[in-house]
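Below is one structure, written out as C-alpha cells; comments come after it.
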Amino acid sequence: MDSAPSSEREPVPPPSSEREGVAYLPSSVTRSTKLLVAGHFSVGKTTFVSSVSEVEPLRTEEAMTHASAGVDDVAGLPHKTRTTVALDFGRLTLNEELVLYLFGTPGQPRFLPLWHDLAKGALGALVLVDTRRLAQSDAILALLEEQGLPYAVAVNEFDGAHRHALDSVREALDLTADTPLTACDARDRASSLHTLITLVSFLFDRMEPTP
Amino acid sequence: MNGPRRARDLVRAYVRTGGLTRPSRDLDLSALVRSTTVAPPVEASGEERRVLALCSRQRALSVAEVAAHADLPPSAARIVIARLMDHGLLTTPTRAHITASPDLLKEVLDGLRALV
C-alpha cells in the first residue's frame, strides 16, 4: 500500500487490486442464498461445513453485550458481560451465477437477535444431532420452529456412538412424520452433500408439493 | 485528521448502543459486495479503508467474508459496508433480496446434485 504512487488530489489509492489469500467468488457470480447448519456445541457443525465448503471455513465473531443475572455491581446495577459468539461459515458455488453460503449457528439457543438475523432469509436449516446428547438438540429445534425455519435432521455418526435406530431418534426428538431424518458422517464430503440434498429436496417439496 | 476520529465515532457508537446501531440499509450476511470505480475520499476511516482494500471490482465477496477478512464483527461490518454503499464506493451485483421460491430451490438442488 505504501509503495503505491499517489497523485496530489487523491492521496488514497483506489481499490483496484485484490488481496492475496482471499478467495473471491468467480466474476460471473451475482446471486447468493444461504442455509444454516445448526446443532449444539461440538456436534460437528464446523466439520460439516468444512467438508463441503469450496473454501476454508471462515470465522467471524460477534460481540454481544448482555446483563448477567444475579450479579450486581457496587451501584446496584446489573453486571454487564461481553460475550463473543463465533460464526463459522463456508460456501459452495452452485452454478455460474449462484453461490450458497452455509452458516454454522451458535451452539446454544441464546442471543436471539443473532439467531433471528441468521434465520432471516435462510432457505432452511440442517440440524446435526448426536445420539448421546439428544436432549441438547431439543432447545435448538424449538428455536428453529419459533423462527419459522424449516429443517431436516441428520444424526452425525461419531465413532463409538450407538447406531440407534432412526425411528427411536425420531421419537426422542418428537419430529413430525415429514421431517427428513438421516444419518451422516460430517467428515465425509459425499455424505454431507447428500444430507444437504435431502434437506433442499424437502424444502422444494414443501413449496411445491407433488399432486 | 479526520480518519482516527471517524473510527472512534464508530467504536463509540457501537459500544454506547451495545451493538444495536442499525446500518442504513438491510444487509444479509450472505449479501454480495463489490467495489466501484469511485475513489475513496481522504476522510475515509481506518475501517472503511480496510473494507475497501478487501473488495474487488470484478469479483464479489459476501458481507460475512468481508467481516471475517477485515476482522470486524458482522454488525460493525454491515454499518461500514452500508455507509460505503451510500457513498457509491461499494455496490451489490444484484438486489440483496433473498426470496425462497420453487425455482431457486430447484436451482440449489440441481447445483448440489452436480457436485456429488
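Rule-based calculations on the coordinates, nothing more; no lab input. Just so you know, these numbers come straight off a predicted model, no measurement behind them. Ideal geometry is used to build each Cβ from the backbone, glycine not excepted, and the neighbour counts take in all protein chains shown.
Brief remarks follow.
- Computed from backbone phi with θ = phi - 60° and the Karplus coefficients 6.51, -1.76 and 1.60, the 3J(HN,Hα) list for segment A:168-173 is 6, 5, 4, 5, 4, 8 Hz; x is used for glycine and proline.
- Spin-label model distance (nm) - A:Ile197 vs B:His87, 7 Å beyond Cα toward Cβ: 4.8 nm
- Stretch gain in nm, segment A:Arg170-A:Leu112, where the contour uses 0.36 nm per residue and the Cα spacing is subtracted: 18.3 nm
- Cα-centred dipole magnitude for segment A:85-190, charges only on beta-carbon of K, R (+1) and D, E (-1), debye, nearest 20: 240 debye
- Note on A:Lys45: lysines with a C-alpha under 19 Å away, same-chain residues under 8 apart excluded, are A:Lys34.
- Of the trypsin sites (Lys or Arg not before Pro) found in segment A:114-208, the ones in coil according to DSSP and having at most 16 other Cβ atoms within 10 Å of their Cβ are A:Lys120, A:Arg163, A:Arg187.
- Here segment A:31-207 carries DSSP beta bridges of which approximately 45% are antiparallel, counting only pairs with both residues inside.
- DSSP-loop trypsin sites (Lys or Arg not before Pro) across segment B:41-116, with at most 10 other Cβ within 10 angstrom: B:Arg95
- Label point 7 Å beyond Cα of A:Ala177 along Cβ direction - residues of segment A:118-158 with amide nitrogen under 12 Å: none
- Cut-off 11 Å (backbone N to label point 7 Å along Cα→Cβ of B:Asp26), residues of segment A:102-121: A:120-121
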